[in-house]
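Below you'll find the structure, written out as structure tokens, and then a few comments.
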Amino acid sequence: MKILVLNAGSSSLKFHLFETDGDAIAAGSDRLLGRGMVDRVSSMKEALERAFAELRPVLGGAPVEAVGNRVVHGGDVFHSSVLVDEEVEKKIEELSALAPLHNPHNLEAIRAARQHLPHAKQVAVFDTAFHHTLPPRAYAYALPYEYMEEKKIRRYGFHGTSHRYVSWRFAQLHGKKRADYRMITCHLGNGCSICAIAGGKSVDTSMGFTPLEGLVMGTRSGDVDAGAILYLITREGKSPDEVLRILNGRSGLKGLSGVSNDMRDVIDAAESGDEHAKLALDVFCYRAAKYIGAYLAAMGGADVLIFAGGIGENSAEARARICAGLGELGIEIDPALNEAAANGDRQIGKSRVQTWVIPTNEELLIARDTWRCIHGVPHE
Ligand code: AMP
């Protein structure tokens, strides 16, 4: 079955075309037929038209039978991927209040795809879904109780598709189940989050009510004292919109280093002696290490630590710095394995907590979930 996977941003659309079915999923022989990104588009309709223009030679007249849509926020409503119907669309729309920067674009893509491919089934795959198993002690903020109850202010967690994929993949490589291990998965890309997985379930994660909390990211701040934000608004006269732009777009590696949001540039600048870049790298790695320590405490230890995402998969330097002080906690990276030129699934540390790099593949998981939803097959 040909499945188009859509990941819509504010002015861009990433697309992947897969050929997969039950046998291919079981054998891991799903095929990526084409991929691309269109940006600077004024509407998702235009974006899809351009995507199809690129895919036409690959499709050669064959129909796209299903569309898998990445949807960022599923709130406490969606616990797994679902076939999109009117009711689901309405819920995604309601959840836009919780993710105003993401859900409206995801929804626009769903609607444009329906117009373009009226016969294709559509599935929504949520970034939050894998984290629906968080226990109350991990998802509750210590605000007045009614804020959680009535206003739904709580930790939801994001990047769930990535944490779910790499944890599944690690277990699969070992002929086991996710539930056989306590895992800490680090998704370090432009956005960054860490997840604690025990008994096969996400039990804690660093992103919270929005994808802003937790680790230092490319342009996002991660954890900041809420009091500092209030200070910027009440004492420095910043508007809430300005603060949102600062926290989401001008902070993180970019804000601290003043060099770039790209880890490669930050490392280069740090190596050339740039003090701000050195600090940015230091804060990034220290924050990640602190969360790993926190999740060892959350699970009473771990069996495996996994790195994924653009930084997690490619930066031996970042991985080494994050793990440098974790020896007493059972995490030690092997420098030769860590620095070896390789790009697939690989072990980089053989200490009590084994350390691995597992390249993530959110699009593949979205394609597989799409097939499973359509055929009523349970998700792994
Ligand atoms: P992602 O969002 O997963 O695509 O990750 C994007 C980020 O990965 C980029 O902004 C870079 O900071 C980082 N990245 C990619 N390749 C490398 C590399 N070889 N070394 C360090 N960082 C890298």
**OP:** Check Gly189, Gly208 and return the single one that is at pLDDT 95 or above, within 16 Å of the ligand (Cβ to nearest atom) and under 16 Å from the mean Cα position of the chain (by Cα).
**Re:** Gly189
Original post:
How many of the residues making up region 283-341 are more than 21 Å from the chain's Cα centre (by Cα) and among the polar types (S, T, N, Q)?
Top reply: 1
Original post:
Which of the residues that make up region 222-273 are surrounded by 16 or more Cβ atoms within 10 Å (Cβ to Cβ), part of a loop (DSSP other than H, G, I, E, B) and of a type in the set (Gly, Ala, Ser)?
Top reply: Gly222, Ser251, Ser260
**OP:** All but one of (1) at pLDDT below 95; (2) surrounded by 15 or more Cβ atoms within 10 Å (Cβ to Cβ) hold for Val377, so report the exception by its number.
**Re:** (2)
**OP:** For region 250-293, enumerate the residues that are closer than 15 Å to Leu326 by Cβ, more than 16 Å from the ligand (Cβ to nearest atom) and free of Cβ contacts under 8 Å to residues at least 60 places away in the same chain.
**Re:** Tyr286, Ala289, Lys290, Gly293
**OP:** Mind listing whichever residues of region 294-327 are within 13 Å of the ligand (Cβ to nearest atom) and among the hydrophobic types (A, V, I, L, M, F, W, C)?
**Re:** Phe307, Ala308, Ile311, Ala316, Ala318, Ala320, Ile322
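Here is a yes/no grid of residues against (1) more than 23 Å from the chain's Cα centre (by Cα); (2) surrounded by 14 or more Cβ atoms within 10 Å (Cβ to Cβ); (3) among the aliphatic types (A, V, I, L, M); (4) modelled with pLDDT of 95 or more:
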residue: Ser10; (1), (2), (3), (4): no, no, no, no
residue: Asp23; (1), (2), (3), (4): yes, no, no, yes
residue: Leu32; (1), (2), (3), (4): no, yes, yes, yes
residue: Val38; (1), (2), (3), (4): no, yes, yes, yes
residue: Val77; (1), (2), (3), (4): no, yes, yes, yes
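The values are calculated or read from the model by the stated rules, or taken from the named source; none is laboratory data. This structure is a prediction, so every number in the text was calculated from the model and none was measured. Neighbour counts are summed over all protein chains in view; Cβ atoms, including those assigned to glycine, are modelled from backbone coordinates with ideal geometry.
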